[in-house]
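The values are calculated or read from the model by the stated rules, or taken from the named source; none is laboratory data. As the structure is a prediction and not an experimental result, all values here were calculated from the model. Neighbour counts run over all protein chains shown; Cβ positions are idealised from the backbone, glycine included.
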Amino acid sequence: MQVEQILVSTLILTTPILLAAIGGLVNRQAGIVNIGLEAKMLSGAFVAVIVSSATQSWFIACLAAALSSAVIGWMFSLTITRAHANMIVAGLGLNILVAGVLGFILSWVYKTSGTLRQPDVVLLPDVLPEFFEKIPVIGPALSSLDPLTIFAWITVFCLPFVLTNTRIGLWIRATGNAPHVTRAVGLRSLAIQDASTAFAGFFAGLAGAHLALASLGLFNEGLTAGRGFIALAAFYFGRDRPIQTAMACLLFGFLDNTQIRLQTAGFPPKLIGMTPYLMVLLALIFTSVRAQRKARL
Amino acid sequence: ADERPAAMIIAQGGLGDGSWNDTANAGFQSGLEKTGVEGRTIESADVAAQGEEIMRRAADGGFGLVISLEWIHGEPMEMLAKDYPDTNWVIMNQTRTGDNIASVVFGEHEGSFLAGALAAQVTTDTSIEGINADATIGVIGGFKAPGIDKFIVGYIQGAKAVNPDIEVKVAYADSFGDPAKGLQMANAMFDEGADIVYQVAGGTGIGIIEAAKARGHYAIGVDSDQDGMAPGNVLTSMVKRVDVAVDEIVTGYAADNFPGGEVIQFGLAENGVALSEMTHTKDKVPAAYIERVTAYKAQIIAGELDVWDVSSQGYPDFFK
Amino acid sequence: MFPAKDTPTSLSNNNQERVVFPRAPDFSHAREAIVLSTDRSVALGAVDLHKSYGATKANRGISLSVMRGEIHAIVGENGAGKSTLMRMLQGVERPDSGHVVIADKPVVLNGPAEALALSIGMVHQEFMLAPDLTLLENLVLGEEPVTRQLGPLSRIDWAKALREGQGLAESIGAQIDWQRRTSSVPVHILQFVEIIRLLRRGCNVLILDEPTAVLAPPQVEELFDLLRNLRANGTTILFISHKIGEVMALADQVTVIRQGKTVFHSTIAETTGPEIASHIVRDAPPLETSPPPSRTVTGEPVLELDGLSARSLEKSQSLDNISLQVRAGEILGIAGVSGNGQGELAECIAGLRDTSAGNIILQGADITGETTLARRNRGLAYVSADRRHEGLTTAASIETNVIAGSHRAPPITRGGILSRKNLRQEASKRLAALKVVFGKVTDPADSLSGGNQQKLVFARESADNPKLMIASQPTRGVDLNGIAAIHGLLRDFRDQGGAVLLASEELDELIALSDRVVVIFEGRLVGEVTSPAGAMAQIGQMMVQGDAA
Amino acid sequence: MSSSIASRSIGILLPLVVSLIVSGVVLLVIGKNPLDVFSLIATESFGNARRIAATLSAATPLLFTAVATAVCFRSGVFNVGVEGAFLVGGLAAVFLGFTLPAAWGFALFPICFFAAALIGAIWLYVPGILLAKFEVDEVVSTLMLNFIAVAITGYLVNGPLLSPLSGNNVTPLIHEVAYLPRLMPPSTLHAGFLIGLVCVAAYGFWCRYTPAGFEGGLIGLNQRFSRAVGISVPRTIVGVMILSGVIAGIGGAAHGMGQMHRFSDGFSPGYGFTGMAVALLGRNHPIGIVLGAILFGALASAGTTIQLFSNIPLDLVNIIQGTVMIFAVVELGRISLRRKKGTANAG
Ligand SMILES: Nc1ncnc2c1ncn2[C@@H]1O[C@H](COP(=O)(O)OP(=O)(O)OP(=O)(O)O)[C@@H](O)[C@H]1O
Ligand SMILES: Nc1ncnc2c1ncn2[C@@H]1O[C@H](COP(=O)(O)OP(=O)(O)OP(=O)(O)O)[C@@H](O)[C@H]1O
Ligand SMILES: [Mg+2]
Ligand SMILES: [Mg+2]
């Protein structure tokens, strides 16, 4: 019974990280490290709540969240690719800017702060029919699957194919690897990078929509709670490869989920929260040292 | 009456935290409205370091009443009160000396004691829907901090008063604004046999209440009356009348009746903390339970029962 | 200017007229004019091209006709203008005057894409391949075969791509494992992939800029076989080389460029290696070619290499068991065709490259394991072959460039404090001593002309009374006056008892300066000439063939 | 020369102008007169001596974090870990400030500052050596270390170092003798500001008048050249990282001993990151850094106090600050190019 519940909540906690990480890894494959995922998740959550309430459709809400974040991502990309902004600082700046703009909108349009509750927010539905719940162990997890979770995992498993077997996939990898080569063969490497950042925005927007609409149905300015950075840690840990990154996300989601148990076992909550970052650091050291050993041989 | 405007400095976490800052602000606004005093709330990205400058600026800028919700502003305020004897100062959750300082102290531990006592009785009564036989209840804090542990320790003490063998699961979300995580943490506690979870986690608590609703178990609300957020699934709320406190202070200030130099207790006796009316759950819970809680309340007010206060006594042995 | 009717047609203009040269190309320096054969067509050509970079006249009247289906070699000294010509033929640069001819038609090219559209492709020395992709991915990048047209989302038809790759490789007799990751593949294979990529894109004229510079001899053989196969398939090839042996072995035609002009053209059958060589260096600047008639150098050995070896990294040549001595008061020249290891040798001695065996002894002390700094403190000076990236920091000020390396020594730094005043004084002194022409000492080094940049490097390297100077390609890209000045510097240094190890690809220079010349070939020393003055042919032979036979 | 001055001032002015336009539009949308608001911000920042003092007080931590950042950026090392070093340095100084006997008096200053500098140095030595020896991408390693610093200090201040009686996560106050003196009482502007200026000046001196600074600038421009003239690139990288850690640690100590007098949750609301923007905005130049720090200090202090006089929410300040950060780094061709290559290789 407990195992089942751990499965369910790990899956749900993983989804927003996973969605953001999918975008981030594609972006990084194209050569851009996206520190601004957090901002795009937040704006996605915001748009999702408003649109869901206005249209009574979770689907339109998710789409709107994704598209609006994609546009933000695209504009953000322009400052990097065209105006040569440093991507790290610009990303940090974007996080502050978007939080500011949303706060502003909350207080001036909705006369509230921090939390936005809208009437009749439609949540993400459970996709599979109820009888799935009867299946042992994975039943509850299956029956609580929402469309975005399914979409995220489908994407994860499609992504390796897309990256290796489609033209855009090849272009993205080539651009991240050697932009001058992409340019030399006549592709528009900057536009490809912009597209990848818009893609990252799209998925970060979905991540935000999931946070807002999976079960809460409201917007809160702390909703993302650093998940954009956890996603960053995940695709660094997964070395930009979709399946590995997804596994890292699952691991981080699981860690998040088992916090309670770890806390009862005496681990301080702060230190548990630090594990993803520590893991990335260690993984980074491990791979670099190994790469150097190899080079020395 | 004092014509000068009032200022209230918002604590870390900012407006929109769904608990402390927001409740205080509600009281502030209603006080302003009632009295016609002008007032401002001030937020800062760097409240901790800039508190003193902000408060001084308010005093310099002609504000007659300066309320700070930030705990860390206690020491600087004590200093400032001397520099600005004509300004009225208010600090929360601690006692500061000065003729023109009003200290407001809440009895969260007392109210939480009652919540714990109620929960401990309910959790084994399987006749109530959504309750299992395990003597297990839970509490989730936002951060691990003394201000939060004050609630938690009172809650545990209340639960143990009813049933010394009860298990109280304690966890911290490490965030006041992460409802998604609150939801999952509450679910995890439900999985482990708890059927009632007390939330002391601001915005994160929204998720805890959602979880109770979704799972058909119970949450206990905090700060404001949250019973209506999931009618029937919020067993009760430990209402803390920060709004009343702030409202009263503003009203008193406008009426030239500022409680300078006083420590204003907002404990059980003063109705500063209390369990909610239980509008949606009254009928589910046997009256005897509520009577027992009422009895505890009387004992506490009468001084016959001491509830441990982390913020003035430090941590007790039974809690780390 | 040309008469109107001969104005090069733009690409969109479908003008079919054959190019008629308005007047005989100016070959005043050439013995033979290029004869336009009427029965064969010109695949790629140039008519009286001029191109200047600022004051440098890189090309000043180059005419060329590469006939369809032939291998045509372009040879010439460093800086003769070969690469500039290639850039114009490929549309990367526009000529100041004159025009490019493609398939018998004069054309104006606005970029390499247009050249590619006209079936002209170029393989650069820097390969345009993404290292983390597979060879196959690189092959199709930018023009992917797809199963169904869905724009960027189209699925790439890898099977078809592989068939194409294999087919093309087979047609030219190459064996390529297309699934290998590019970074794990030897250079010559990468070169094949570059060529195949161009073929796949429909190129029937290939331009190769010093294709053998990065290759080891067996790989060169593989490349040549492949190029011959290409020719047999009707592909036209224009290639640049410094190695006359290669030209003789491979080409059908040869054109020599000197100082921006075509000075000689012939079919290979009608010429000889020595004749080509004579055209490359004829009319060489009046270098002071008076090495003290076989001076006997009696100075102490300053530098001794004892069995020095180094592994190859990336695209570098490995070094194999090199032993030599440089004495005080001697210039030892290292002759060798580019890519045979002289740069690597210089780097090993300077401490910029790891050695795998052997010892480096400077003034009796074994410095093999020492840092560059320690070596410099012992009196080593290093003039890098890569002036713009290693010899200088072009973005930094002139004074910074001329002081760097001595910045920790008094009088510039005393008691841990770096005195800007002393730095400036010292800098001015150094610059004045070598008569560097500059604006202000705070201007970036980029503002200097090439010759003055190199003088600046010498000003820095010779300032601390070094005992040994490693000079690698010291006059590359330097104008005639600059060359004369730098040669003067090296001689003065030698005459004052310094030891010089001079690596140069220019034989004239080596012969003019060196007391002795050793020849390096494929990372090994293959011979020594003690009185270089009359030994040009002998040295050249060893450079190209690795022995004096 | 004159063109470089011109381009420098454009570099500093552009982000400001853009952010003023952006926030101006926002203000117009909500029906406020931007000019009124901007002039209110200006008087709240610099209107009188007290406001100037408040601005400088808010600028103080930024001086340190910006210099700590510039030391590395100038040498081509993209260290984003100043935030973490600031935190651990601050906690170390504060810890000694309340545990050592108060009777030690003024001796506490050097001890606390030294400890903070040492801890900061060790903190950034780690990514420094990883970069120099193993080519571990410093952006990620230092970013991760920031989160780790937040977690560790957060844990300590809530557990072992928690003040026994408090309503919040705070350490006890440091001994009063260890308070840095205030410069313009009653303002909180404290001696840390002067230490910050000294750091900026020392940084300027280091750049121009020390061989190490000379070398740092060179490896920032051209590593191959530096190696060829005998400069050890790894040593220089580790050196600037340590220096950065020292400055950040001292900054944390100054903040702890001058401003907060304790360590608490929210000890740094992101000074390290704002410091990065300051360094980039000031183009790593000492004067630029001072001006940039004052600008961001003014935003932080005035952005808060304008709320007393006009109902402008704090979010406006975030909008201005975010825009300035994004546009401060526009057209930094060199670093962004380096990065692109770096990330391409990092995969
Ligand atoms: N972009 C440029 N800007 C300025 N001068 C240039 C440029 N490109 C070439 N030159 C100059 O034009 C002359 C001819 O250069 P080019 O590169 O064509 O010579 P090359 O024959 O290819 O020499 P190498 O054999 O060394 O490659 C040289 O003096 C060179 O310095
Ligand atoms: N992609 C390829 N397609 C066809 N032949 C290849 C390919 N890669 C390598 N070869 C051939 O295989 C030979 C060995 O190459 P390979 O890279 O496997 O050897 P290696 O032992 O790794 O060599 P090295 O020690 O130089 O790195 C090469 O000389 C080349 O002729
Ligand atoms: Mg129970
Ligand atoms: Mg060339």
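Here are the numbers for the structure shown:
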read-out	value
Subset of the stretch B:124-176 [within 30 Å of B:Q12 (Cβ to Cβ) and among the small types (G, A, S)]	B:G138, B:G141, B:G142, B:A145, B:G147, B:G154, B:G158, B:A159, B:A171, B:A173, B:S175
A:D240 being more than 14 Å from chain B (Cβ to nearest Cβ) and not in a helix (DSSP H, G or I)	yes
Positions within the stretch D:223-238 being surrounded by 22 or more Cβ atoms within 10 Å (Cβ to Cβ) and more than 20 Å from D:A121 (Cα to Cα), in sequence order	D:F225, D:S226, D:A228, D:V229, D:G230, D:I231
Helices (runs of 4 or more DSSP H) wholly inside the stretch D:270-332 containing at least 2 residues that are under 24 Å from A:T112 (Cα atoms) and facing chain A (nearest Cβ under 9 Å)	D:315-328
The stretch B:100-134, residues that are more than 27 Å from B:D17 (Cα to Cα), out of contact with any Asp or Glu (no Cβ under 6 Å at 6 or more places or on another chain) and either within 11 Å of ligand 3 (Cβ to nearest atom) or not small (G, A, S) (or both)	B:N100, B:A120, B:Q121, B:V122, B:T124, B:D125, B:T126, B:I128, B:E129, B:G130, B:A133, B:D134
Condition broken by A:A225, with the remaining ones in (1) assigned to a helix (DSSP H, G or I); (2) touching a Gly at 6+ places or on another chain (Cβ under 9 Å) satisfied	(1)
Filtered residues of the stretch D:18-64 (kept if polar (S, T, N, Q) and part of a helix (DSSP H, G or I))	D:S19, D:S23, D:S39, D:T43, D:S45, D:T55, D:S57, D:T60
Selection from the stretch D:170-189 of residues that are in contact with a strand residue (DSSP E or B) (Cβ under 6 Å, 6 or more places away or on another chain) and within 11 Å of chain B (Cβ to nearest Cβ)	D:V170, D:R182
Looking only at the stretch D:171-188, and only at residues there that are in contact with a helix residue (DSSP H, G or I) (Cβ under 8 Å, 6 or more places away or on another chain) and farther than 20 Å from D:S264 by Cβ, the one that is surrounded by the most Cβ atoms within 10 Å (Cβ to Cβ)	D:S187
C:V146 vs. criteria buried (at least 17 other Cβ atoms within 10 Å of the Cβ) and farther than 30 Å from C:E270 by Cβ	yes
Residue list for the stretch C:128-139, filter: free of Cβ contacts under 8 Å to residues at least 60 places away in the same chain and more than 7 Å from chain A (Cβ to nearest Cβ)	C:T134, C:L135, C:L136, C:N138
For C:M122: the one exception among (1) within 16 Å of ligand 4 (Cβ to nearest atom); (2) away from every other protein chain (no Cβ under 14 Å)	(2)
Qualifying residue in the stretch C:128-150 (condition: farther than 14 Å from C:I207 by Cβ and within 22 Å of the chain's Cα centre (by Cα))	yes
Output for the stretch B:177-202, where each listed residue is facing chain A (nearest Cβ under 7 Å), closer than 25 Å to B:G14 by Cα and in contact (Cβ under 8 Å) with a residue 40 or more places away in the chain	B:G177, B:M185
Long-range neighbours under 7 Å by Cβ, at least six apart or interchain, first residue among the hydrophobic types (A, V, I, L, M, F, W, C) within the stretch C:65-92, second assigned to a helix (DSSP H, G or I) and within 6 Å of ligand 1 (Cβ to nearest atom)	C:I74/C:K82
Only one of D:L108, D:L130, D:L124 that is buried (at least 21 other Cβ atoms within 10 Å of the Cβ), more than 14 Å from chain A (Cβ to nearest Cβ) and farther than 26 Å from B:A145 by Cα	D:L108
Residue list for the stretch C:404-420, filter: facing another protein chain (nearest Cβ under 7 Å), of a type in the set (V, I, T) and buried (at least 18 other Cβ atoms within 10 Å of the Cβ)	C:T413
Residue in the stretch C:86-102 that is within 16 Å of ligand 4 (Cβ to nearest atom), out of contact with any Pro (no Cβ under 6 Å at 6 or more places or on another chain), within 18 Å of C:V247 (Cβ to Cβ) and assigned by TED's automatic domain parsing to the domain that holds C:R258 present	yes
Helices (runs of 4 or more DSSP H) within the stretch B:134-244 that include 3 or more residues under 17 Å from the mean Cα position of the chain (by Cα)	B:146-162, B:202-215
Failed item, numbered, when D:I231 is tested on (1) more than 14 Å from chain C (Cβ to nearest Cβ); (2) in contact with a Phe, Trp or Tyr (Cβ under 9 Å, 6 or more places away or on another chain)	(1)
Residues of the stretch C:163-187 satisfying the condition of being assigned to a helix (DSSP H, G or I) and near ligand 2 (Cβ under 7 Å from one of its atoms)	C:S184
